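Visitor: Sharing a structure with you now.
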Ligand SMILES: [Zn+2]
Ligand SMILES: [Zn+2]
């Protein structure tokens, strides 16, 4: 398994180095970009051949092929990319970050997956830079999508002259039997039964890799977007998230009439004291299952790369 950083290094000359590494394993390639790159030698204009590749430079999931011109009076080594780039960043690496966010896979799991496919692994450093890049975009899309869903849910409720009933359910990053109360992070979503869409979400994390690293070195952390937003017990996360979501929905001028939760949830019981006594509490596993059955997907039009 070899790991490379995204920073491109300049390629020296066009004679000495030769590597057959490019013949090993599999790569993710944008065929159109590759075909365009092979169309003509940058110096003499004659077409290039993939088989004349003499070296490969890998940048995460993208790579540059060093293809030598077969014209003996030219011999120029052309850099042929296997995919599109924006600035100095390979699109495929930004896509990798969105794929990790979307699938919930971590760096190690994703690298195991790639290694089974015989695709070179990517480094933590590379993907964390790209996660920072896509994180804000993903959050914006999620906010837009939940606001839209809330509007639609309200319209459906109004048409029926009904009440705004929302289901809440929390999950923890650590899996295990029952509820992982020692988990370092938790997430919670609010779903509207009329349309089956997510109306709001909340995340709590006890951990932040930048802070943890600084603490282990006894240093103060550099300026960063900190993910640590919970210091209490893991058990308290769920109630806190539900309260935040209900308050947020209320701040948009909507009245939540009833909350549906898991029957063994302690959350629902805690909510009225913090927000309002008028919210009806329904603890019903079957009801919750039915409401949460619909899968939520991000709108494709919002994906940038
Ligand atoms: Zn040439
Ligand atoms: Zn932090």
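Visitor: Here are the criteria: (1) modelled with pLDDT under 65; (2) in a helix (DSSP H, G or I). Tell me which single one residue 263 does not satisfy.
Guide: So the condition that residue 263 fails would be (2).
Visitor: Those residues that are farther than 21 Å from residue 85 by Cα and either within 16 Å of ligand 2 (Cβ to nearest atom) or not in a loop (DSSP other than H, G, I, E, B) (or both), I need them from the range 31-67; list them, please.
Guide: 51, 52, 54
Visitor: Here is a follow-up. Could you say which residue among 156, 110 is crowded, with 17+ Cβ neighbours inside 10 Å, free of Cβ contacts under 8 Å to residues at least 40 places away in the same chain and not in a loop (DSSP other than H, G, I, E, B)?
Guide: That would be 110, the only listed residue that is crowded, with 17+ Cβ neighbours inside 10 Å, free of Cβ contacts under 8 Å to residues at least 40 places away in the same chain and not in a loop (DSSP other than H, G, I, E, B).
Visitor: Scan the range 122-145 and tell me whether some residue there is more than 17 Å from the chain's Cα centre (by Cα) and either more than 16 Å from ligand 2 (Cβ to nearest atom) or free of Cβ contacts under 8 Å to residues at least 40 places away in the same chain (or both).
Guide: To start, the set of residues in the range 122-145 that are more than 17 Å from the chain's Cα centre (by Cα) comprises none.
Looking for residues that are more than 17 Å from the chain's Cα centre (by Cα) and either more than 16 Å from ligand 2 (Cβ to nearest atom) or free of Cβ contacts under 8 Å to residues at least 40 places away in the same chain (or both), one finds none in the range 122-145, hence no.
Visitor: I've got another one for you. Sort through 145, 128, 94 and tell me the only one that's in a helix (DSSP H, G or I), more than 16 Å from ligand 1 (Cβ to nearest atom) and surrounded by fewer than 17 Cβ atoms within 10 Å (Cβ to Cβ). Spell out the reasoning first.
Guide: Numbers: 145 fails: surrounded by fewer than 17 Cβ atoms within 10 Å (Cβ to Cβ); 94 fails: surrounded by fewer than 17 Cβ atoms within 10 Å (Cβ to Cβ).
Among 145, 128, 94, only 128 is in a helix (DSSP H, G or I), more than 16 Å from ligand 1 (Cβ to nearest atom) and surrounded by fewer than 17 Cβ atoms within 10 Å (Cβ to Cβ).
Visitor: In this structure, is residue 194 surrounded by fewer than 13 Cβ atoms within 10 Å (Cβ to Cβ), at pLDDT 85 or above and assigned to a loop (DSSP other than H, G, I, E, B)? Don't jump to the end; show me each part of the working.
Guide: Details: surrounded by fewer than 13 Cβ atoms within 10 Å (Cβ to Cβ): no; at pLDDT 85 or above: yes; assigned to a loop (DSSP other than H, G, I, E, B): yes.
When the stated conditions are applied, residue 194 does not pass them.
Visitor: While we're here: Can you tell me which of 101, 77 is within 23 Å of residue 24 (Cβ to Cβ), more than 16 Å from ligand 2 (Cβ to nearest atom) and either free of Cβ contacts under 8 Å to residues at least 12 places away in the same chain or assigned by TED's automatic domain parsing to the domain that holds residue 31 (or both)?
Guide: 77
Visitor: In the list 222, 213, which residue meets the criterion of being within 11 Å of ligand 2 (Cβ to nearest atom) and part of a helix (DSSP H, G or I)? Show your work before the answer.
Guide: Working: 222 fails: part of a helix (DSSP H, G or I).
The match here is 213.
Visitor: Here's another thing I want to ask about it. Kindly provide the set of residues from the range 225-250 that are touching a strand residue (DSSP E or B) at 6+ places or on another chain (Cβ under 8 Å) and in a loop (DSSP other than H, G, I, E, B), ordered by number.
Guide: Initial filter on the range 225-250 (touching a strand residue (DSSP E or B) at 6+ places or on another chain (Cβ under 8 Å)): 227-230, 234, 237-238, 240-242, 244-246, 248-249.
Scanning the range 225-250 gives 227, 228, 229, 230.
Visitor: For the range 225-243, which residues satisfy the criterion of being more than 16 Å from ligand 2 (Cβ to nearest atom) and surrounded by fewer than 17 Cβ atoms within 10 Å (Cβ to Cβ)? I'd like the intermediate steps shown before the answer.
Guide: In the first step, residues of the range 225-243 are kept if they are more than 16 Å from ligand 2 (Cβ to nearest atom); the result is 232-243.
Within the range 225-243, 232, 233, 235 qualify.
Visitor: Condition check: surrounded by fewer than 17 Cβ atoms within 10 Å (Cβ to Cβ), under 30 Å from residue 133 (Cα atoms) and either within 16 Å of ligand 1 (Cβ to nearest atom) or modelled with pLDDT of 90 or more (or both). Does residue 215 satisfy that? Let's see the steps before the verdict.
Guide: Numbers: surrounded by fewer than 17 Cβ atoms within 10 Å (Cβ to Cβ): yes; under 30 Å from residue 133 (Cα atoms): yes; either within 16 Å of ligand 1 (Cβ to nearest atom) or modelled with pLDDT of 90 or more (or both): yes.
Taking the combined requirement at face value, the residue satisfies it.
The values are calculated or read from the model by the stated rules, or taken from the named source; none is laboratory data. This structure is a prediction, so every number in the text was calculated from the model and none was measured. Positions of Cβ are backbone-derived with ideal geometry, glycine not excepted, and every protein chain shown enters the neighbour counts.
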